[in-house]
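So the structure is just underneath, and the comments pick up after that.
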């Protein structure tokens, strides 16, 4: 194949150049790239030089892979790497990494969309495959946004530096309608001027661990590990939260101060069939008494009604948890009665809960 360039709006996909060596070397020191891709570890300057000056040009010449540097169309700054490899018999696989400074800006999504269009139109491919290690939720979301259809999970189907791991598999056909297949919209940022709800990040782990290690949190949140460690927080942020968004089952947002951005708590929705959802929340001990939970519950509930078209939100509060019951009332929920034995405590004993609800037709409360 003859090396070529692909123009993609703000991005330009071009063949690798010897001058890219330094940038590739620096970017591939990133722990996330080393964790999820097949780059050598440790990654040396010689590895970068071999990639940009030998392997990539050789793959183009052999026709087995089309490897591109993804750069800013204006500044020329290197943002990502993308490749179609194992090209043959009308199919190929797509692979990519994104520089840490370019993440969260849609760079990978735009690059994957561009290379897939090029592969179908120029190379006459019929099928482009995607694979990622189980747990790589960022790549999972990119594939969903680009229209890939998931075809299954392969047990120990991927090999990374000699180690086998479970993999996800998906594909996009030339005949497929290219639509965003995410079951939920991207995590929003919502504010009432006092608190802000925003997506969680791994940097929040210490605050989550400190809040959830609080005895009062452990008392009322029976499903939460106790004692609660930093490792528990990191696992929740990197697995449970993104899995909920990717599967369309759970929405979880950090509640922070609108000024300063300090983590104050968490608000979430557990989505159910028929336009219903359960509401859950916790407040960090250093933020109690500041209406964090009621304000956050009102914000997220209204978003669920407006954006997810929810018709009924349900909230359960332990009969002895008076503070949680007040949260529900201040957020505009209506008390319906006692759900006997609705949940169990840490010892497996059934507990009665007060049930509240908010309908899409109810008057709105700003808490």
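The values are calculated or read from the model by the stated rules, or taken from the named source; none is laboratory data. Remember, predicted model here, so these are calculated numbers, not experimental data. Ideal geometry is used to build each Cβ from the backbone, glycine not excepted, and the neighbour counts take in all protein chains shown.
Residue 161 fulfils the conditions (1) surrounded by 14 or more Cβ atoms within 10 Å (Cβ to Cβ); (2) in the same structural domain as residue 33 (by TED's automatic domain parsing); (3) at pLDDT below 95 except for a single criterion, (1).
The lone criterion from (1) more than 27 Å from residue 306 (Cβ to Cβ); (2) buried (at least 19 other Cβ atoms within 10 Å of the Cβ) left unmet by residue 227 is number (2). The helices (runs of 4 or more DSSP H) found entirely in the stretch 200-270 that carry 3 or more residues being within 30 Å of residue 320 (Cα to Cα) are 205-212, 215-220, 230-235. Taken over the stretch 152-189, the criterion of being in a loop (DSSP other than H, G, I, E, B), in contact with a helix residue (DSSP H, G or I) (Cβ under 9 Å, 6 or more places away or on another chain) and touching a residue at least 40 places away in the same chain (Cβ under 8 Å) is satisfied by 174, 178, 182, 183, 184, 185, 187, 188.
Exactly one condition in (1) in contact with a strand residue (DSSP E or B) (Cβ under 7 Å, 6 or more places away or on another chain); (2) in contact (Cβ under 8 Å) with a residue 60 or more places away in the chain; (3) farther than 22 Å from residue 207 by Cβ is false for residue 364; which is it? Of everything listed in (1) in contact with a strand residue (DSSP E or B) (Cβ under 7 Å, 6 or more places away or on another chain); (2) in contact (Cβ under 8 Å) with a residue 60 or more places away in the chain; (3) farther than 22 Å from residue 207 by Cβ, residue 364 misses just condition (1). Set side by side, the residues 252, 284, 233 differ, and just one is under 21 Å from residue 330 (Cα atoms), crowded, with 19+ Cβ neighbours inside 10 Å, under 21 Å from the mean Cα position of the chain (by Cα) and touching a residue at least 12 places away in the same chain (Cβ under 8 Å), which is 252. Residues in the stretch 197-212 that are surrounded by 15 or more Cβ atoms within 10 Å (Cβ to Cβ) and touching a helix residue (DSSP H, G or I) at 6+ places or on another chain (Cβ under 9 Å): 197, 199, 200, 204, 205, 207, 208, 209, 210, 211, 212.
Do we have residue 18 as modelled with pLDDT of 95 or more and more than 26 Å from residue 137 (Cβ to Cβ) here? In short, yes.
Residue-level analysis places residue 321 outside the set of residues that are loosely packed, with under 14 Cβ neighbours inside 10 Å and either closer than 13 Å to residue 277 by Cα or in the same structural domain as residue 253 (by TED's automatic domain parsing) (or both). Screening residue 172 with (1) under 20 Å from the mean Cα position of the chain (by Cα); (2) modelled with pLDDT of 95 or more; (3) within 26 Å of residue 16 (Cα to Cα) gives one miss only, at (1).
Here's the yes/no breakdown for (1) modelled with pLDDT under 95; (2) in contact with a helix residue (DSSP H, G or I) (Cβ under 9 Å, 6 or more places away or on another chain); (3) not assigned by TED's automatic domain parsing to the domain that holds residue 138:
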{"site": "238", "(1), (2), (3)": "yes, yes, yes"}
{"site": "245", "(1), (2), (3)": "yes, yes, yes"}
{"site": "248", "(1), (2), (3)": "yes, no, yes"}
{"site": "251", "(1), (2), (3)": "no, yes, yes"}
{"site": "254", "(1), (2), (3)": "no, yes, yes"}
{"site": "263", "(1), (2), (3)": "no, yes, yes"}
{"site": "270", "(1), (2), (3)": "no, yes, yes"}
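Looking at this structure, is residue 343 part of a strand (DSSP E or B), in contact (Cβ under 8 Å) with a residue 40 or more places away in the chain and surrounded by fewer than 16 Cβ atoms within 10 Å (Cβ to Cβ)? Taking the combined requirement at face value, the residue satisfies it.
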